[in-house]
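Below: the structure, in structure tokens.
The values are calculated or read from the model by the stated rules, or taken from the named source; none is laboratory data. Note that the coordinates shown come from a computational prediction; the quantities given were computed from them, not determined experimentally. Every residue, glycine among them, receives a Cβ derived from its backbone with ideal geometry; neighbour counts consider all protein chains shown. Accessible surface areas use protein heavy atoms only, side chains included; no ligands, DNA or RNA. Shrake-Rupley method; radii C 1.70, N 1.55, O 1.52, S 1.80 Å.
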Amino acid sequence: MSKFKINTVSEAYKPENQIEPSFLIEPSLNSKSKNDAKNTKLYIKPKAIKQIFEHISWGETTTENVVEQGGVLLGKVFFDEKKNLMYGVVEEALAGKQARGSSAYLEMDHEVWKEMLDEFDAILDKDENKQWQMIGWYHTHPNNLSVFMSGTDMGTQQRFFSNDWQYAIIFNPHKQIWKSFVGNEAVECAGMIVKD
């Protein structure tokens with residue numbers, strides 16, 4: 001009788017050392033953050049914010065966006081040793097198209113996760129130079145809700161995105177406000193949208 005054997009073990013992902021670049025930022029669209037995590041930032045590239053804003057119908061009211069919507073964030077996380085700063089760069093976002101939401105709740109079941117993971121695999125298979133990770137998730141608090149991490153949101157963050165380098169973003173597409181959070185405790189951090 002043969003026993004199960006692990007032949008190789010990959011090293012866990014960790015942020016790469018890299019000096020923080022000088023991104024051109026769209027100041028009117030920055031998150032409304034108290035910036036509690038002073039040593040952490042999140043940059044969202046134009047392609048990713050376009051994907052998110054199209055998914056959640058930013059600035060509009062539709063039958064789809066009056067309930068919670070969400071997806072995942074793809075990119076990389078870096079550490080600038082000189083500044084003692086960790087920063088994430090969101091390159092693309094994948095919508096959980098089949099997720100079920102209400103005005104106060106979002107459910108992403110196994111099928112939704114499988115769909116997003118398959119789509120992520122296809123992106124990486126198409127371009128082996130993209131060494132991206134799933135660095136976090138986003139979802140909406142629609143209508144008159146404020147943007148904060150609810151108890152349910154904290155549960156999702158701690159179950160699926162608990163590494164200190166993983167982010168959460170909450171958008172309200174109707175009020176056009178958003179905030180970003182980082183790590184297992186979902187500490188609020190600065191979020192910025194990069195210009196084209």
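Brief remarks on what is shown
- Exactly one residue among F148, F120 is out of contact with any Cys (no Cβ under 8 Å at 6 or more places or on another chain), in a helix (DSSP H, G or I) and surrounded by fewer than 19 Cβ atoms within 10 Å (Cβ to Cβ), and that residue is F120.
- Restricting the range 21-34 to residues that are open to solvent by less than 50 Å² (accessible area, probe 1.4 Å) and within 19 Å of the chain's Cα centre (by Cα), the residue that is modelled with the lowest pLDDT is S33.
- Some residue of the range 156-170 being under 19 Å from Y43 (Cα atoms) and among the acidic types (D, E): yes
- When M134, M154 are checked against the criterion of being of a type in the set (A, V, I, L, M, F, W, C), assigned to a helix (DSSP H, G or I) and either open to solvent by less than 20 Å² (accessible area, probe 1.4 Å) or out of contact with any Ser or Thr (no Cβ under 9 Å at 6 or more places or on another chain) (or both), a single residue qualifies: M154.
- Selection count, the range 157-182, where residues are within 17 Å of W113 (Cα to Cα), small (G, A, S) and either touching a strand residue (DSSP E or B) at 6+ places or on another chain (Cβ under 7 Å) or in a strand (DSSP E or B) (or both): 1
- Cβ separations smaller than 8 Å between residues 6+ apart or across chains give the following pairs from the range 94-116 residues that are among the acidic types (D, E) to residues that are at pLDDT below 85 and open to solvent by 70 Å² or more (accessible area, probe 1.4 Å): E107/R100; D109/R100; E111/Q98; E115/K97; E115/Q98.
- Subset of the range 86-106 [over 16 Å from the mean Cα position of the chain (by Cα) and surrounded by fewer than 17 Cβ atoms within 10 Å (Cβ to Cβ)]: Q98, R100, S102, S103, A104, Y105
- The range 58-85 residues that are within 25 Å of L117 (Cβ to Cβ) and open to solvent by 50 Å² or more (accessible area, probe 1.4 Å), paired with ones that are modelled with pLDDT of 95 or more and not hydrophobic (A, V, I, L, M, F, W, C) (beta carbon under 9 Å, 6 or more apart): E64/H55; E64/S57
- Matching option when the condition is of a type in the set (V, I, T), at pLDDT 90 or above and open to solvent by 30 Å² or more (accessible area, probe 1.4 Å), among V194, V187: V187
- Restricting Y105, Y87, Y13 to those that are at pLDDT 95 or above and of a type in the set (S, T, Y) reduces the list to Y87.
- Only residues that are over 14 Å from V77 (Cα atoms), surrounded by fewer than 18 Cβ atoms within 10 Å (Cβ to Cβ) and among the charged types (D, E, K, R) were counted in the range 160-184, giving 1.
- Residues located in the range 102-117, provided they are among the acidic types (D, E) and outside any strand (DSSP E or B): D109, E111, E115
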